[in-house]
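Trainee: I'd like to ask you about the structure that follows.
The values are calculated or read from the model by the stated rules, or taken from the named source; none is laboratory data. Note that the structure is predicted; figures quoted are calculated from it, not measured. All Cβ positions, glycine included, derive from the backbone under ideal geometry; neighbour counts span all protein chains shown.
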């Protein structure tokens, strides 16, 4: 295996960490936008933009994993199929939480309600990311998948 090929294989674990870190940052920025908003007008334009961007990025990340990454892992590492099943369940749960957050932002819910949505999503997201990293980073160091990381993990 040439050095360039080895680098490409190792990059999947690095890419996953990078995307998770960017999603964590996007959530923090969204929470900061909420905290900085006027109490009488929580759904400020800035909050709407941050929320939309964060929600779209997290959704794209999970859709890419479900569509491209997890099937490749299941094919090359069949012993991880149960782990992948649990990760997909997390994706479904977070999709529901994102829909609730987006609905709350769209109807200009009070800041305390929006904060609860973000806190709940943050807790599940962090738990999911840590589990995913514990279970998959070693596998991603050797995964053979010939697709651009932005397609598989989301463009961040």
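Per-residue answers, yes or no, for (1) surrounded by fewer than 16 Cβ atoms within 10 Å (Cβ to Cβ); (2) under 19 Å from the mean Cα position of the chain (by Cα); (3) assigned to a helix (DSSP H, G or I):
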residue	(1), (2), (3)
112	yes, no, yes
116	yes, yes, yes
119	yes, yes, yes
122	no, yes, yes
128	no, yes, yes
133	yes, yes, yes
143	no, no, no
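Residue-by-condition table, conditions (1) touching a strand residue (DSSP E or B) at 6+ places or on another chain (Cβ under 7 Å); (2) surrounded by fewer than 19 Cβ atoms within 10 Å (Cβ to Cβ); (3) modelled with pLDDT under 90; (4) within 28 Å of residue 148 (Cα to Cα):
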| position | (1), (2), (3), (4) |
| --- | --- |
| 10 | no, yes, yes, yes |
| 32 | no, yes, yes, no |
| 54 | no, no, yes, yes |
| 59 | no, yes, no, yes |
| 68 | no, yes, no, yes |
| 103 | no, yes, no, no |
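Trainee: The conditions are (1) modelled with pLDDT of 90 or more; (2) crowded, with 17+ Cβ neighbours inside 10 Å, and residue 18 fails exactly one of them. Which is it?
Mentor: Here residue 18 clears every test but (2).
Trainee: Name the residue that is nearest to residue 148 (Cα to Cα), counting only residues in the stretch 70-89 that are surrounded by 15 or more Cβ atoms within 10 Å (Cβ to Cβ) and touching a residue at least 40 places away in the same chain (Cβ under 8 Å). Steps first, please.
Mentor: Within the stretch 70-89, the subset surrounded by 15 or more Cβ atoms within 10 Å (Cβ to Cβ) is 70, 72-74, 77, 80, 83-84, 87.
Going one step further and asking which of them are touching a residue at least 40 places away in the same chain (Cβ under 8 Å), we end up with 72-73, 77, 80, 83, 87.
Values: 72: 14, 73: 16, 77: 20, 80: 23, 83: 24, 87: 21 Å.
Across the stretch 70-89, the extreme among qualifying residues is 72.
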